[in-house]
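To start, the structure under review is shown below, and the notes come after it.
The values are calculated or read from the model by the stated rules, or taken from the named source; none is laboratory data. Quick caveat, the model's predicted, so the values are computed rather than measured. Virtual Cβ from ideal backbone geometry, glycine too; neighbours counted across all protein chains shown.
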Amino acid sequence: MGSCAALATLGASLRGRAEAAPAAVDPQPQTMPVSLEINGTRHDLTLDTRTTLLDALREHLDLNGSKKGCDHGQCGACTVLVNGRRINSCLSLAVMHEGDSVTTIEGLADGDSLHPLQAAFLHHDGYQCGYCTPGQICSAAGMLSEVEAGWPSHVTDDLTRKASLTDEEIRERMSGNICRCSAYPNIVAAIRDASTKI
Amino acid sequence: MKAFAYERPATVQDAARLAAERPSARFIAGGTNLLDLMKLQIETPATLIDVNRLPLAEVTETEEGGLRIGALVRNSDLAAHPRVRTDYAVLGKALLAGASGQLRNKATTAGNLLQRTRCYYFYDTTKPCNKREPGSGCAAIGGFNRIMAVLGASDSCIATNPSDMNVAMRVLDATVETVDPQGARRSIPIAAFHRLPGDTPQIETDLKPGELITAVTLPKPVEGVHLYRKVRDRASYAFATVSVAAIIAKGEGGKPRLAKLAFGGLAHKPWRVQAAEAALVETGSADAAADRVLDGARGQGSNDFKIPLTRRTLRATVAEALRA
């Protein structure tokens, strides 16, 4: 008897809800196939469209080198190269990168032979805790290509000429990578050194 | 981040049509601002329209000798473009003063135009904000307001436009080109593109629902010294407290014969006062120009410093232009 009454009440409340104005329906999570070339190898994934490129790398491909610091594009720890350009992988959706070529810190070395930037960071002690280092190194790799391409920066005096890589230029161009251990002098030294070896 | 339907339309027209059909749709290009806001659930689009593959990434010359910048041209590419470096240096300098190398590699021309405010309370979903939630109030008024507006603010909103690029676009008299869901094209002068907050601070631009920016056009270059002076709390990678975009040409007797000035960090849109430019040419005095720029300026307490800082920044900018 009691359960019948409860069912009747439930029925009434369901009807009441159905008669009310339809509430906006939140979209359901959506998955879709994504094909990425990462460090030279093609990966076919099926991802929730909300997955950032950073989470695709770390959570779906076990590439934990790229770090999640702020997850808002402020710290640079997640920096990777996409089609040769440095970006914050936390502020980009993986599905936006269909067919793109991604290089992470795991893909910079040539077999057992370190990338010149990796070697220089070791030699110059360009870190303390090391959390920002993969982002620093990927960012520096992208930055050196930008300098090579003749891109100016905020501290370049003459925009019409190719800038030379002074310490001031390195510091300005690397300002999107934060190091909370403040290893900056050694980071600058490492990049200055490596720039002559790439 | 809330779930959304992801769409990748093949044409500009499909993109605009889709945006009009779907409730609360957003275009995504670089995503450097939108995804940040989506993670915080300040933006909760039901549909995300990825426009990255549309053919809008070219910079071309116009018949008048100006430049047509595709909506998807990345900030770093634009700053490095040879014509920008030689003929529109104020734009290149403004772009390079903004964000970081990584962000400039993603951020687009149209996205930068639509960049949303960095007001602390817009970002804090536990606080009222008329921009985020119309009618809820403004926590910035009477709150911490160091970065807020001193010109053109309202009782509803005292937020500022955070973009450096927009200030340069304003001084260059750029035009924003759009296409609407019906396929109609429109050219919006930059002066009319961004709005003051009034009592609808959630409406930030003149764009209609579904209207898609396709390009920004610059008129032929203006001769003179191009400067962008940005005052900020760090030497790099920080928003402006005050900025000045200036094109100044020196005339007889070391006085400016032409002056164009726009200001960032002061208002809900890039601030430009033609009477200030006329005063600078007429009197040669940066202070006379500053008087007109700051006409009606009102601090909110912790941002009072912006008023004298604007004057000093303009003095320094004019002096630098006349030294060059």
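Descriptive notes on the structure:
- Restricting attention to segment A:61-76 and to residues that are at the interface with another protein chain (Cβ under 10 Å from one of its Cβ atoms) and touching a helix residue (DSSP H, G or I) at 6+ places or on another chain (Cβ under 6 Å), the residue that is surrounded by the fewest Cβ atoms within 10 Å (Cβ to Cβ) turns out to be A:72.
- Number of positions in segment A:40-60 that are surrounded by fewer than 16 Cβ atoms within 10 Å (Cβ to Cβ) and either acidic (Asp, Glu) or touching a Ser or Thr at 6+ places or on another chain (Cβ under 7 Å) (or both): 4
- Unique match (being over 15 Å from the mean Cα position of the chain (by Cα) and modelled with pLDDT of 95 or more) among B:149, B:153, B:168, B:159: B:153
- Screening segment B:1-101 for strands (runs of 3 or more DSSP E) wholly inside it with 2 or more residues that are more than 19 Å from the chain's Cα centre (by Cα), farther than 29 Å from residue A:147 by Cα and facing chain A (nearest Cβ under 10 Å) returns the ranges B:5-7, B:47-50.
- Considering B:289, B:297, B:249, the condition of being in a loop (DSSP other than H, G, I, E, B) and surrounded by 15 or more Cβ atoms within 10 Å (Cβ to Cβ) is satisfied by B:297 alone.
- Test: residue in segment B:3-26 that is crowded, with 18+ Cβ neighbours inside 10 Å and within 24 Å of residue B:239 (Cβ to Cβ): yes
- Test: residue A:139 is of a type outside the set (D, E, K, R), within 12 Å of chain B (Cβ to nearest Cβ) and either surrounded by fewer than 19 Cβ atoms within 10 Å (Cβ to Cβ) or under 20 Å from the mean Cα position of the chain (by Cα) (or both): yes
- Residue within segment A:104-115 that is closer than 30 Å to residue B:3 by Cβ and either part of a strand (DSSP E or B) or not aliphatic (A, V, I, L, M) (or both) present: yes
- Residue A:55 vs. criteria at pLDDT below 95 and within 17 Å of residue B:38 (Cβ to Cβ): no
- Near pairs, Cβ below 7 angstrom, 6+ apart or cross-chain, from segment A:77-102 (more than 10 Å from every other protein chain (Cβ to nearest Cβ) and among the hydroxyl-bearing types (Ser, Thr, Tyr)) to any residue that is in a loop (DSSP other than H, G, I, E, B) and surrounded by fewer than 22 Cβ atoms within 10 Å (Cβ to Cβ): A:101/A:83
- Subset of segment B:39-62 [crowded, with 17+ Cβ neighbours inside 10 Å and in contact with a strand residue (DSSP E or B) (Cβ under 7 Å, 6 or more places away or on another chain)]: B:43, B:45, B:46, B:47, B:48, B:49, B:50, B:51, B:56, B:57, B:59
- Residue check for residue B:65: surrounded by fewer than 17 Cβ atoms within 10 Å (Cβ to Cβ) and small (Gly, Ala, Ser): yes
- Filtered residue count, segment B:102-131, keeping only those that are away from chain A (no Cβ under 14 Å), over 25 Å from residue B:170 (Cβ atoms) and either buried (at least 24 other Cβ atoms within 10 Å of the Cβ) or touching a residue at least 60 places away in the same chain (Cβ under 8 Å) (or both): 3
- Residue match in segment B:161-174 (condition: without any contact (Cβ under 8 Å) to a residue 12 or more places away in the chain, out of contact with any strand residue (DSSP E or B) (no Cβ under 6 Å at 6 or more places or on another chain) and either farther than 20 Å from residue B:99 by Cα or surrounded by fewer than 24 Cβ atoms within 10 Å (Cβ to Cβ) (or both)): no
- First in segment A:179-191 and in the same structural domain as residue A:130 (by TED's automatic domain parsing) and surrounded by 16 or more Cβ atoms within 10 Å (Cβ to Cβ), second anywhere and in a loop (DSSP other than H, G, I, E, B) and among the hydroxyl-bearing types (Ser, Thr, Tyr), Cβ under 6 Å, 6 or more apart: A:183/A:127
- Scanning segment A:149-181 for residues that are among the aliphatic types (A, V, I, L, M), at the interface with chain B (Cβ under 10 Å from one of its Cβ atoms) and touching a helix residue (DSSP H, G or I) at 6+ places or on another chain (Cβ under 6 Å), we see that the one that is nearest to residue B:84 (Cα to Cα) is A:159.
- Looking across segment B:182-191, the residues that are within 30 Å of residue B:260 (Cα to Cα) and either in a strand (DSSP E or B) or over 12 Å from the mean Cα position of the chain (by Cα) (or both) come down to B:185, B:186, B:187, B:188, B:189.
- Per the listing B:191, B:215, the residue uniquely surrounded by 18 or more Cβ atoms within 10 Å (Cβ to Cβ) and within 21 Å of residue B:64 (Cα to Cα) is B:215.
- Among residues of segment A:182-198 being small (Gly, Ala, Ser) and more than 14 Å from residue A:145 (Cα to Cα), the one that is farthest from the other protein chains (Cβ to nearest Cβ) is A:189.
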